[in-house]
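So the structure is just underneath, and the comments pick up after that.
Rule-based calculations on the coordinates, nothing more; no lab input. On a predicted model such as this, the values are computed, not experimentally measured, just so you know. When we count neighbours, we look across all protein chains shown, and the Cβ atoms used for this are built from the backbone with ideal geometry, even at glycine.
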C-alpha cells in the first residue's frame, strides 16, 4: 500500500470512505492534515483527481510505501513489471528501471523487433514512472504491474537531481523577471500568473534550491537608448500532470491541487524559517 498526507477538511473525505473500501484515513495529531492510505499509486491518483474535479482544494505530500518488519528484517513491497515495447527503446527502459532498483529477470524479442522485458521492482521506484515510460516509448510501449511480495529493503533510490526556484514575494509574475530567470533553470510558471512566498516557480540548473523574485519589474530610467526596449523571448513553461508532480516533489515540498491548477510549494513557506530548519 501507499500513503500520502492530505491537508483538507475531514468531511470532504467522508463521502469517499463510504464507497471506497480500500481507503484508510488517519488523523494527524496537532495538525489539520490526514494520512490517507490506498492500494497503490493509481488508487490514490484517482481519489485526488476525483476530489479535484468536485471542486476541492488540498495539499498533498510525496507518496510513501508502507514498510513491514518480517523476521526482524525491514521489508518493502515489490511489483512484477512486464514491458512490451519496440526493441529500439528497450535499452532506455532497462536503464531507467535499473536506476529505480529494479532487477531484470526476463528479456526476449520477437520477429517484429518487439522486446519483452520482465522486472522485479520496489514500488518506491515505480512512483510516477508511468509518464516517463510513455514518453520514452513514444506511446508504443505497454507496461503491466502487479504486486509480487514484500522483500528486504533495497536502500535509498536516487531521486531528483535538481533543486528548485522558490519565489520570495507575492504578486503576479512579470515577463522581464522570468526572462532573466530562464538562465537559472526551467520555469514552471508563465507571465501574469499569481504566485506567493514559498511557491516553486522553476527547476534550478544546479542541485540546490534558490530563492528568486519573479515579480520584479524592469527598472525605469528617464532616458531611452536605441535598441533598449527589445522584445523578450520567453520559453514555454514546463507543466506537470498530477502524477508527475507527486513524483517530482521532495520530502520538504507539497503539491497544491485545485480545480483550476496544480502548483508546487515548500512545506515551510517563509524562506527564513526554511533556512533555520535546514540548519538543525
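For the stretch 164-278, what is the largest minus smallest coordinate of the Cα atoms on each principal axis, given in angstrom and ordered from greatest to least?
Result for the stretch 164-278: principal-axis Cα extents of 49, 32, 27 Å.
Computed FRET efficiency, Cβ-Cβ of residue 88 and residue 250, R0 25 Å: what is it to the nearest 0.05?
For residue 88 and residue 250, the calculated efficiency is 0.15.
Between the stretch 141-218 and the stretch 58-105, what is the separation of their alpha carbon centroids in Å?
Using only Cα atoms, the two centres lie 24 Å from each other.
Report the far tail of the P(r) of the stretch 1-119, meaning the percent of Cα-Cα pairs longer than 16 Å.
Roughly 69 percent, rounded to a whole number.
Would you mind calculating the relative contact order of the stretch 72-196 from Cα pairs under 8 angstrom and at least 6 residues apart, reporting the percent as a whole number?
It comes to 30 percent, rounded to a whole number.
Most exposed first by the Cβ proxy, i.e. fewest other Cβ within 10 Å, how do 265, 274 rank?
With the fewest neighbours first, 265, 274 line up as 274, 265.
Kindly give the semi-axes, whole Å and largest first, of the ellipsoid equivalent to the stretch 229-280, taking each as the square root of 5 times a Cα gyration tensor eigenvalue.
The answer is 26, 19, 10 Å, longest axis first.
How compact is the chain by the rule of thumb for globular proteins, expressed as Cα Rg over 2.2 N^0.38 Å?
1.17
Taking the square root of 5 times each eigenvalue of the Cα gyration tensor, what semi-axes in Å does the equivalent ellipsoid of the stretch 102-207 have, largest first?
Whole-Å semi-axes of the equivalent ellipsoid: 39, 19, 12.
State the volume of the convex hull built on the alpha-carbon positions of the stretch 70-152, expressed per residue in Å³ and rounded to an integer.
Spread over its residues, the Cα hull of the stretch 70-152 gives 78 Å³ apiece.
Quick one: 268, 232, fewest Cβ neighbours within 10 Å first, how do they rank?
In increasing order of surrounding Cβ atoms, one gets 232, 268.
I'd like the FRET efficiency for residue 98 and residue 210, computed as 1/(1 + (r/R0)^6) with the beta carbon distance as r and R0 of 35 Å, rounded to 0.05.
0.65
Under a crude label model (7 Å from the Cα following the beta-carbon direction), how far is residue 234 from residue 28 in nanometres?
That separation, rounded to one decimal, is 3.3 nm.
Mean separation of Cα pairs under 8 Å and 6+ residues apart, divided by the residue count of the stretch 38-124: what relative contact order is that in percent?
About 28 percent, as a whole number.
Sorted from fewest to most neighbouring beta carbons within 10 Å, what does the list 144, 25 look like?
144, 25
Please report the relative contact order for the chain, taking Cα pairs under 8 Å with a sequence separation of at least 6, and give it as a percent rounded to a whole number.
Averaging sequence separation for qualifying contacts and normalising by length gives 18 percent for the chain.
I'd like the projected area of the stretch 12-64, averaged over all directions, using the convex hull of its alpha carbons. Report it in nm² with one decimal.
For the Cα atoms of the stretch 12-64, the hull's average projected area reads 3.8 nm².
Which of 30, 38, 91 ends up with the largest GNM mean-square fluctuation for the chain, with Cα atoms connected below 10 Å?
30
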